[in-house]
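Since the structure comes first, as structure tokens, the remarks are kept for the end.
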Amino acid sequence: MTDTNKTASLTVPGIAEPIELAMHSGTLGPDVIDVSKLVGKGLFTYDPGFVSTAACDSDLTYIDGDNGVLLHGGYPIEQLAEHSNYLELCYLLLNGELPTKQQAEEFETTITNHTMVHEQLAQFFRGFRRDAHPMAIMCGVVGALSAFYHDSLDIDEEHHRSVTAHRLIAKMPTLAAMSYKYSQGQPFMYPRNDLGYAANFLYMMFGTPCENYEPNPIIAKAMDRIFLLHADHEQNASTSTVRLAGSTGANPFACVAAGIAALWGPSHGGANEAVLNMLAEIGDESRIDEYVAKAKDKDDPFRLMGFGHRVYKNYDPRAKVMQQTCHEVLSELGVEDSPTLKMAQRLEQIALEDPYFVERKLYPNVDFYSGIILKAIGIPEELFTVIFATGRTPGWIAQWNEMISGSYKIGRPRQLYRGPAKRDYTPMAKR
Ligand code: CMC
């Protein structure tokens, strides 16, 4: 962040002189007005939903929502999706640069060597009902990791932070697969270290001790890409939650558990599950117009899931890659004429032409096609957001680490109080 030598001048009724506010520039994106001094003048800024507020500075990810641009460490997501892989992107997010061949191999070995979870953690799963939502399980078990890894909880120790990052990235697929296996009443599968990250996840999901299971490399590649497309997305709700929790000094496992909870909602990571539920509810292409009309009706709370984004006012660049991956997977599985895909494509076409969506710049987002791919792979809908959480883990931990290794304050927003003014307690007999 650099000072711009520019200032913004704020005239406030009741304050004689205009208040001069410093402005800062980043590498890309809008300048920011530094309002941190306003509290000293007895003023707060007001921005519900943080729509105009930069809450931190960061080197990791840049989004230009108007032009549909997403960069990690400066690299466009389309190039990363085509030429890179998930673990390489994890390395980039954690270290700021792409790895050399040797660094990439060492990193992959490190992650591979951390994929197993403590045997005692399996007991933890058994406390849940079999029909528990896997996101409920993930909130619990990821938070519980802090009870297992006391040796890496000193957040002021760089090595501890690094080991924790590796543990989280390595263990998330294992925990995700365990939450699925538990719901099926099947035995947990230990990770296989001869497989790549995504292939190992598929193995832990779909393998059983009874027979050999070799993951399809094309599906494994698609799975890797799904993880990659979710890896980081700057200060979204779950990442901001991780940062806010982390700003108190809480341990990173607890912070990531908080991020998982925030991700669960249908406005955020829960949207991929909601897209499939919505397509199932629509049921047939002939009913699409009816649902588009519902989405446009202000008296109807229904929204087209998988459309719209707080930041993208253009096509979400991840959605474009996801759409292409969707075709690759469905073609590999021989189900390219799937009615769900056809319905999704028709819905997209209608929405992109409808003035309501055009005027509001509501384009398909990352969640629109991911669910169709995951369903085709055989992953149940309740697990979709868990896949998102797994993919997002390097972003959460890299953002947390960036905050902890720099200077930061406890996050403590203020409010515009609209409740009753001070009044005396009324005894019950007089109420
Ligand atoms: N269907 C119908 N109308 C919509 C939709 C939608 N999906 N999204 C926004 N609108 C309308 C909204 O009613 C409002 O209209 P008006 O100006 O007439 O009141 C206008 O578009 C602006 O919407 P907003 O709610 O002010 O926008 P927001 O930035 O607060 O919300 C959003 C962004 C993603 C929560 C919202 O677009 C939405 O609910 N989308 C569906 C859920 C979804 O797909 N979420 C996944 C987001 S991408 C993955 C991730 O990052 O988690």
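Values quoted throughout were computed directly from the atomic coordinates according to the rules given, and no laboratory measurement underlies them. This structure is a prediction, so every number in the text was calculated from the model and none was measured. Positions of Cβ are backbone-derived with ideal geometry, glycine not excepted, and every protein chain shown enters the neighbour counts.
Each peptide among 229-240, 400-411, 290-301 gets the average number of other Cβ atoms lying within 10 Å of its residues, and from highest to lowest they stand as 229-240, 400-411, 290-301. Taking a straight Cα-Cα cut-off under 30 Å and skipping sequence neighbours fewer than 8 places away in the same chain, the lysines within cross-link reach of Lys430 are Lys422. Taking θ as phi - 60° and the Karplus parameters 6.51, -1.76 and 1.60, the scalar couplings of the stretch 42-56 work out to x, 10, 10, 8, 10, 8, x, x, 6, 5, 10, 10, 8, 8, 7 Hz in sequence order, x denoting glycine and proline.
Pull up the cross-link candidates among the lysines for Lys320, meaning alpha carbon to alpha carbon under 17 Å and not fewer than 8 places away within one chain. Candidates past the 8-residue exclusion: Lys221, Lys342, Lys361.
Computed over every Cα-Cα pair of the chain and binned at 20 Å starting from 0, the pair-distance distribution P(r) comes out as 24, 53, 21, 2 percent. Going by neighbour counts of Cβ atoms within 10 Å, the residues Arg161, Arg287, Arg418 line up, fewest first, as Arg418, Arg287, Arg161.
Once both labels are positioned 7 Å from their Cα atoms along Cα-to-Cβ, the gap between Asp59 and Val335 label points is 4.4 nm. Roughly speaking, what is the centre-to-centre gap between the stretch 86-150 and the stretch 375-416 when only Cα atoms are used, to the nearest Å? So the separation of the two Cα centres works out to 13 Å.
Rounded to whole numbers, the Karplus 3J(HN,Hα) couplings from phi for the stretch 163-175 are 4, 5, 4, 5, 4, 5, 4, 6, 8, 4, x, 5, 5 Hz, using 6.51 cos²θ - 1.76 cosθ + 1.60 with θ = phi - 60°, and x at Gly and Pro.
Counting only alpha carbon atoms, the long axis of helix 271-282 and the longest principal axis of the chain meet at about 70°. Quick one: among Cys255, Cys90, Cys210, which has the greatest mean-square fluctuation in a GNM of the chain with alpha-carbon springs under 10 angstrom? Of Cys255, Cys90, Cys210, the most mobile in the Gaussian network model is Cys210.
Rounded to the nearest 10 degrees, the inclination of helix 86-95 to the longest alpha-carbon principal axis of the chain is 30 degrees. Is the stretch 123-226 best put as rounded, prolate or oblate by its Cα gyration tensor, with a ≥ b ≥ c the root eigenvalues, rounded for a/c under 1.5, and otherwise prolate when a/b is larger than b/c, oblate when not? It is oblate, given that a/c is not under 1.5 and a/b is not larger than b/c. Only lysines eight or more places from Lys37 in sequence, or on another chain, were considered; those with a Cα closer than 25 Å are Lys6, Lys409. Could you tell me the calculated FRET efficiency between Arg360 and Tyr213, based on Cβ-Cβ distance and R0 = 56 angstrom, to the nearest 0.05? After rounding to 0.05, the efficiency reads 0.80. Using the Cα gyration tensor of the stretch 175-324, with a ≥ b ≥ c the square roots of its eigenvalues, what is the shape: rounded (a/c below 1.5), prolate (a/b larger than b/c) or oblate (neither)? Taking the square roots of the gyration eigenvalues as a ≥ b ≥ c, the stretch 175-324 is oblate. Peptides 336-343, 73-80, 258-265, ordered by how many other C-beta atoms sit within 10 Å of their residues on average, highest first, read 258-265, 73-80, 336-343.
Each of Arg318, Arg167 has some number of other Cβ atoms within 10 Å of its Cβ, and from fewest to most they run Arg167, Arg318. Using only the Cα atoms of the stretch 41-177, build the gyration tensor, take square roots of its eigenvalues as a ≥ b ≥ c, and label the shape rounded, prolate or oblate: rounded if a/c is under 1.5, else prolate if a/b is larger than b/c, else oblate. Because a/c hits 1.5 or more and a/b fails to exceed b/c, the stretch 41-177 counts as oblate. Counting Lys and Arg as +1 and Asp and Glu as -1 over every other residue whose Cβ lies under 13 Å from the Cβ of Ala54, the net charge comes to -4. Ranked for footprinting exposure by Cβ neighbours inside 10 Å, fewest first, Phe107, Phe44 give Phe44, Phe107.
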